[in-house]
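One structure is given below, encoded as structure tokens.
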């Protein structure tokens, strides 16, 4: 048995090269960018009017003139007009190009307009030279990097990509993943189990959790039979980048997964971790590059191992890894065995703090309990008492609100 | 002009009834449940073995017997065997039904097995009656509610639905939404703009942000023309539950949106909020039930209004609303005008705290800046100085890590 930290290191010794693919802009949200998005022209691309009002030449006002002859109107989306002489002004709309010869915008709110055929504007305030003009290139210059590769594409990034004309984007192609539920006791979701059977649920849980990476795993079920297990896994090792197994890794007589994997020359890097739940986790890799995560079959165990080990490892593949959040324990907690204990917790974000409230369950078989919690708090081995207010790493499976 | 709080109240006076639809389990992740998920049988459905080892009758041990005759093996997924007499044991595997006549499981780790044809097991520890058995119904009883309606379906909920045999689920049907970008200056993403034009980007940003609700909005563009605007909006008011406009709501001569909406009997509930950015936001509703959010055209303004007003309102429709997170300002900030100021911030989750670090931009036209930030911190009017360490409501557009 190895420690949690050693298991994490052994997993991190393995990586996969992720390929790229092109997606249309409307389907790019949530994907991870694999190119650099640059400004195709200056941001803004011209001296841009930011208020509705009149465009003037500041020097005229400076020389004592508060009255301007309005010579025309300049809408957004029209080529720029030219101010004929310094006492002239052009009505301008937000988003328009600054007229030639003008340098300052006076909003409608602080001018008075008079006259019919020869309309004039009178300033009612002291203007500041250059006000209400968003000067060309002040945000970004043409060619500047705006979005770096390995950025997850959220709404602002989609907007920037639209602005620079990227109607298709190069993004990370998700790895091919197979999830294999093992066990004679499992029947399909749409079947009615006999009294001693249960429906397969871990595969559905893990498949859903992989959607955050846009991974669409293929799901399989194998029964507890060594030859059948070996044959099936041989084929899957050829085709997939990652195999995730659930069940068949304990001390039971029909736990054939480690034996089958070793027969197939999958190198075992560890089997069993000093943790609860999830002790029997088996991890290995194949010379083809396929990485194998064989989780215990208990639903809480398999989901805990996914969140603690596979999720951070996938984050690293997508170059989005961050250290775990630290959360404050809201009450004292005692755990006797000298193992790392992953306590189920509800997470509360309150008054600027991240709080973790332990949720009492009935052990690693209690999958209904996962619904009532938000994540796992990692309480290290080597101590038994964990005090209210102490900070521990949080592995949450909920979005902590955006 | 009204306050931010008044605008929020006026928006919250409106609601929409959301319909239901059926989706398959594999596509249900992230959807909002609209039925009750109950235990179809007890959880666990039988007295379930939780360790590989032998099943014994505790009374035999209590009466002095540490030796048991192994009479058979009971795999997971097999009907239960029956212990013939109190000195007999059955080898049992994790997930198996507890054999009849047994009440206690002794793990392989703490027994010694001897013999060939008549195999015997000797206990090496003091067992506890009932150990390593997950008793039928201890987690949930048949018929108990496990997931309530209006729950967002994450991985644990998908697992529970699989367990109870729900291969299709009744979920909230997203409302029909149209996003209408207005302005003569806008060209499509795949077009090359003239020097005085820009590509349409707000619609792409807002469309992506709506995906979190599985809303697939239809996108439109209308030019600055009163009759054209009125005609187009008349058709959209008939068909959609929510219209989101961007641009055309300021004081400009070609800002026809308020006029067109009022001609179409869309009741204006407010126009202009005492805030920066996003002052010209116009909000109304039509007797058909359609709700109209007409945001300013500046990209930072429209996205800020989306995050501060439309997103919480949508959360309420889906009955998922929570009060905004409070985040700690990391440095002093000064803002002179007596308006609510939505400061762009980067969010850092550090040592159990939620920190908001102001990001300096170039005003409401600076859409590249949205990429560098994570959300808006709401700094109220009536004061000009905001001090490091103070808590303010955060409207984040990033997932705060799960």
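The values are calculated or read from the model by the stated rules, or taken from the named source; none is laboratory data. Computed from a predicted structure; not experimentally measured. Reconstructed Cβ throughout: ideal geometry from the backbone, glycine too, with neighbour counts over all protein chains shown.
Looking across the range B:181-193, the residues that are out of contact with any helix residue (DSSP H, G or I) (no Cβ under 7 Å at 6 or more places or on another chain) and in contact (Cβ under 8 Å) with a residue 24 or more places away in the chain come down to B:183, B:184, B:186, B:188. Any residue at all in the range B:100-120 that is under 30 Å from residue B:168 (Cα atoms), within 13 Å of chain A (Cβ to nearest Cβ) and crowded, with 20+ Cβ neighbours inside 10 Å? There is no residue in the range B:100-120 that is under 30 Å from residue B:168 (Cα atoms), within 13 Å of chain A (Cβ to nearest Cβ) and crowded, with 20+ Cβ neighbours inside 10 Å. Taken over the range B:368-402, the criterion of being within 11 Å of another protein chain (Cβ to nearest Cβ) and part of a loop (DSSP other than H, G, I, E, B) is satisfied by B:373, B:374, B:389, B:390, B:397, B:398, B:399, B:400, B:401, B:402. On the given criteria, is residue A:246 within 23 Å of residue A:201 (Cα to Cα), buried (at least 21 other Cβ atoms within 10 Å of the Cβ) and at pLDDT 95 or above? Against the criterion (within 23 Å of residue A:201 (Cα to Cα), buried (at least 21 other Cβ atoms within 10 Å of the Cβ) and at pLDDT 95 or above), residue A:246 qualifies.
Among the residues of the range B:317-337, those identified as within 13 Å of chain A (Cβ to nearest Cβ) and either more than 19 Å from the chain's Cα centre (by Cα) or within 20 Å of residue B:278 (Cα to Cα) (or both) are B:324, B:327, B:328, B:329, B:330. Among the residues of the range A:362-377, the ones that are touching a residue at least 24 places away in the same chain (Cβ under 8 Å) and buried (at least 19 other Cβ atoms within 10 Å of the Cβ) come to 11 in all. Of all the residues in the range B:338-367, those that are touching a strand residue (DSSP E or B) at 6+ places or on another chain (Cβ under 7 Å), more than 7 Å from chain A (Cβ to nearest Cβ) and not in a strand (DSSP E or B) number 3. Considering B:92, B:4, the condition of being under 30 Å from residue B:272 (Cβ atoms), touching a strand residue (DSSP E or B) at 6+ places or on another chain (Cβ under 6 Å) and either more than 9 Å from chain A (Cβ to nearest Cβ) or surrounded by 15 or more Cβ atoms within 10 Å (Cβ to Cβ) (or both) is satisfied by B:4 alone. Can you tell me which residue among B:266, B:291, B:249 is farther than 30 Å from residue B:338 by Cα and in contact with a helix residue (DSSP H, G or I) (Cβ under 9 Å, 6 or more places away or on another chain)? Just one listed residue meets the conditions, B:266. Within the range A:1-46, being out of contact with any helix residue (DSSP H, G or I) (no Cβ under 8 Å at 6 or more places or on another chain) and without any contact (Cβ under 8 Å) to a residue 40 or more places away in the chain holds for A:5, A:9, A:17, A:27.
Matching residues to (1) surrounded by 22 or more Cβ atoms within 10 Å (Cβ to Cβ); (2) at pLDDT 95 or above; (3) within 8 Å of chain B (Cβ to nearest Cβ):
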{"residue": "A:174", "(1), (2), (3)": "yes, yes, no"}
{"residue": "A:189", "(1), (2), (3)": "no, yes, yes"}
{"residue": "A:201", "(1), (2), (3)": "yes, yes, yes"}
{"residue": "A:205", "(1), (2), (3)": "yes, yes, yes"}
{"residue": "A:226", "(1), (2), (3)": "no, yes, no"}
{"residue": "A:229", "(1), (2), (3)": "yes, yes, no"}
{"residue": "A:235", "(1), (2), (3)": "no, yes, no"}
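Going through (1) in a loop (DSSP other than H, G, I, E, B); (2) under 27 Å from the mean Cα position of the chain (by Cα); (3) free of Cβ contacts under 8 Å to residues at least 12 places away in the same chain one by one, residue A:196 falls short only on (2). Among residues of the range A:325-337 that are over 13 Å from residue A:377 (Cβ atoms), none has a beta-carbon under 8 Å from a residue that is at pLDDT below 95 at least six positions away or on a different chain. Counting only strands (runs of 3 or more DSSP E) that sit completely within the range B:17-129, those holding 3 or more residues that are more than 27 Å from residue A:209 (Cβ to Cβ) correspond to B:53-56, B:67-74, B:88-92, B:104-107, B:111-114, B:120-123.
For (1) free of Cβ contacts under 8 Å to residues at least 24 places away in the same chain; (2) surrounded by fewer than 17 Cβ atoms within 10 Å (Cβ to Cβ), each residue gets a yes or a no:
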{"site": "A:48", "(1), (2)": "no, no"}
{"site": "A:60", "(1), (2)": "no, no"}
{"site": "A:64", "(1), (2)": "yes, yes"}
{"site": "A:67", "(1), (2)": "no, yes"}
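Of all residues in the range B:75-89, those being closer than 21 Å to residue B:45 by Cα and either touching a helix residue (DSSP H, G or I) at 6+ places or on another chain (Cβ under 9 Å) or within 14 Å of chain A (Cβ to nearest Cβ) (or both) number 8.
Filtering the range A:208-242 to residues that are in contact with a helix residue (DSSP H, G or I) (Cβ under 7 Å, 6 or more places away or on another chain), part of a helix (DSSP H, G or I) and within 28 Å of residue A:315 (Cβ to Cβ) leaves A:208, A:209, A:213, A:233.
Residue A:161 fulfils the conditions (1) over 23 Å from residue A:105 (Cα atoms); (2) in a loop (DSSP other than H, G, I, E, B) except for a single criterion, (2).
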